[in-house]
1. Having 1 or more residues that are of a type in the set (Val, Ile, Thr) and under 23 Å from Leu527 (Cα atoms) is the bar; report the helices (runs of 4 or more DSSP H) wholly within segment 547-627 that clear it.
2. Looking at this structure, is Arg142 closer than 22 Å to Glu75 by Cα, surrounded by 17 or more Cβ atoms within 10 Å (Cβ to Cβ), touching a strand residue (DSSP E or B) at 6+ places or on another chain (Cβ under 7 Å) and not β-branched (Val, Ile, Thr)?
3. Among the residues of segment 571-604, count how many are farther than 26 Å from Ile553 by Cβ and open to solvent by less than 20 Å² (accessible area, probe 1.4 Å).
4. Taking Arg535 as the residue in question, decide whether it is closer than 22 Å to Leu267 by Cβ, open to solvent by less than 50 Å² (accessible area, probe 1.4 Å) and of a type in the set (D, E, K, R).
5. Applying the selection to segment 331-348, what residues are of a type in the set (Gly, Ala, Ser), under 28 Å from Lys512 (Cβ atoms) and surrounded by fewer than 19 Cβ atoms within 10 Å (Cβ to Cβ)?
6. I want to confirm something. Restricting to segment 188-227 and keeping residues that are assigned to a helix (DSSP H, G or I) and among the aromatic types (Phe, Trp, Tyr), which single residue is least open to solvent (accessible area, probe 1.4 Å)?
7. Mind checking whether some residue in segment 468-475 is touching a His at 6+ places or on another chain (Cβ under 6 Å) and open to solvent by 20 Å² or more (accessible area, probe 1.4 Å)?
8. Can you name the condition, by its number, that Val330 falls short on among (1) assigned to a helix (DSSP H, G or I); (2) among the β-branched types (Val, Ile, Thr); (3) under 22 Å from Tyr484 (Cα atoms)?
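The values are calculated or read from the model by the stated rules, or taken from the named source; none is laboratory data. Quick caveat: nothing in here was measured; it's all calculated off a predicted structure. Cβ sites come from the backbone with ideal geometry, for glycine too, and all protein chains shown count toward neighbours. The area values use the complete protein model at the heavy-atom level, side chains included, leaving out ligands, DNA and RNA. Shrake-Rupley method; radii C 1.70, N 1.55, O 1.52, S 1.80 Å.
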Amino acid sequence: MLSLNDDQAGKSPAQRQVRGEVAFRTRFLRKREPMRFPRHILEWQPFAEITDENAGKAQDKTLLRTHTCGELRKEHLGQTVTLAGWVHTHRDQGGLIFFNLRDRYGITQVAIGPEQGEDVAAIARDLHQEYVVSVTGEVAPRPEGMLNKKMETGEVELRPTSIALLNKSAPPPLIPATPELPSEETRLKYRYLDLRRPEMQQTLLLRHRMAKGMRDYFDEQRFIEVETPILGRSTPEGARDYLVPSRVFPGNFYALPQSPQLYKQILMIAGYDRYIQIARCFRDEDLRADRQPEFTQLDLEMAFVEMEDVLGVVDGLVAHIAKILLDQDVSLPLPRMTYDEAMERFGHDAPDLRYGMELIDVTDLAGESGFRVFEGASQSGGRVRGINAGGAAEGYSRKKIDELTEFVQGNSQAKGLVWFKVETDGKLASPTAKNFKPEVLEQIGQRLEAKPGDLLLFVADSFDVTCKALHLLRKRFGEELKLYDPRSMHYSWVVELQMFEWDEEENRWAAKHHPFTAPRPEDIEKLESDPAGCRAVAYDLVINGSEAAGGTIRIHNADVQQRVFNLLGIEEEQAQERFGFLLDALKFGAPPHGGIALGLDRWVMTFAGRDNIRDCIAFPKTQKATDMMTEAPGSVDERQMRELGIEVRKPEKADK
């Protein structure tokens, strides 16, 4: 029997196995000759650009089709072609039969008249929606007055000489040709039918082009894509991990990655100074319309950089993607503001800058206003802030303003709203106006640049409460008053974010991002004395009021890292247990490095103009993290459970 030496004692089976493999490799491979590659492989050679003109057209032709359903134009008139696809719509008008044939490239009308013969007409007559057919015939011009300018193939039609039924379809519970959508539950259960809808295909095509555009851009910038492991070690921090039991090492678990964070820092230490990866990530957390338990992010890391270097690279990416997808020219560098400025002006760390309506502070005036609520907030260290909904006074009755008050109270901790309508003489009118000193009301109106017909709304409370309440109001007014073009795009940076937040449940400081985020150099001395005032070298990209990317410069100094761990209550032994491999690597010449992660699913949602992230993913989960189509998660058989050494305790049924 083998005995464990002191170095192996106390190690997990996986750790002992790895150490054994390392020892073997050290003994027997130490004299191995280095691998030699041709010089042209080692030198940087960007790939030639693939364009629509030179890519894939030959591949469209197969043994079952010569053209796609979106390809035929006037230049194809008189040609004999074969199309294959699904019956999109079908119309039998007695002597004439029409059906539209659809594939992912488009739709072509097929027309059958007496000249096509009874054999062809008989087959066409029996077709139904979503049947799969192959049609061979001559490309002909549509009759005068029957052109369809809404279709790219709308000037021509196919007059068949033969129709082959490739497959029938059961009556579909979801018809791709129908604009009215069934419930989302039906769409997710029959996802393969939902994905046939042209709108879904266009969204997934946009997703493909976005991912390709990102890879092309970073290839030109000399980044390399490196895949990092899916099965890793659990490092509890932030959201819950998805765990995978090990059959080989019973009682031990892998964790699916919440992000490639630790691995990409390892790659910087390993010398790969420009890394990207379109990575799959997993978080077991409560879901929202724009969250999924498994999601995709574009992950990047750079060595020997400061914040401006990372922002500059992402600025270029934004301009590149906006140009290829929207034909939009973006002025660089992107505008930026600090976290403190964003919270002061807009009440949110990801403000929508497509419109104004900034938050205005009147705390100094409130203290002498004569209105007890305002004076109380001012004297207790709170804030009194408001917004000007320009021209909204007439459109918001007392009832609608009461609805706004309920909305704010139900979604924030604000106790209520104080409001004024600006009359034609410039005076502020409200049931509470009589409680204010007239001169103070006049000054408040001047500060908010009030004009006749405006609606002014105020919240008096703590800074955080006024931020949340007025941000919600600002967002609602932006939509209801149509203050921006929903098709417009605005990109900006928010920088110098908070480094720590107080965890009420744990009664301790927690990392706002992750424990390897670097503080601003001027804030290092605040780590122990003023954690709340400590700002990180962190940055968020904001698109149309949503966080589209977030990143930081990392700590590469062991002393600063230990001080951060101490503040977070992470003991040395605990840190070694969670992040030991990274902490060990940091001892071997770690360069200054930083990076960012871009939520690809959310980018697609924003650029496609969608409001539900599930419409931007081929096979998404529901808000309960279930797959309606495959019915995952599901049970497994007892044999698998025994092999894993797992016994499941089912929750007891609640008493009736």
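1. Numbers: elements: 558-568, 572-585, 600-607.
Here the list reads 558-568.
2. Taking the combined requirement at face value, the residue does not satisfy it.
3. Here is the first cut: in segment 571-604, the residues farther than 26 Å from Ile553 by Cβ are 573, 604.
Subset that is open to solvent by less than 20 Å² (accessible area, probe 1.4 Å): 604.
The qualifying residues number 1.
4. Numbers: closer than 22 Å to Leu267 by Cβ: no; open to solvent by less than 50 Å² (accessible area, probe 1.4 Å): yes; of a type in the set (D, E, K, R): yes.
Answer is no for this residue.
5. None - no residue of segment 331-348 is of a type in the set (Gly, Ala, Ser), under 28 Å from Lys512 (Cβ atoms) and surrounded by fewer than 19 Cβ atoms within 10 Å (Cβ to Cβ), so the list stays empty.
6. Within segment 188-227, the first condition is being assigned to a helix (DSSP H, G or I), and the residues that meet it are 188-189, 191-194, 198-220.
Still in the list and also among the aromatic types (Phe, Trp, Tyr): 192, 217-218.
Working: Tyr192: 117, Tyr217: 20, Phe218: 1 Å².
Checked segment 188-227; the qualifying residue least open to solvent (accessible area, probe 1.4 Å) is Phe218.
7. So in segment 468-475, the residues touching a His at 6+ places or on another chain (Cβ under 6 Å) come out as 471.
Now drop any that are not open to solvent by 20 Å² or more (accessible area, probe 1.4 Å), which leaves 471.
Yes; the residues of segment 468-475 include at least one that is touching a His at 6+ places or on another chain (Cβ under 6 Å) and open to solvent by 20 Å² or more (accessible area, probe 1.4 Å).
8. Among (1) assigned to a helix (DSSP H, G or I); (2) among the β-branched types (Val, Ile, Thr); (3) under 22 Å from Tyr484 (Cα atoms), the lone unmet condition for Val330 is (1).
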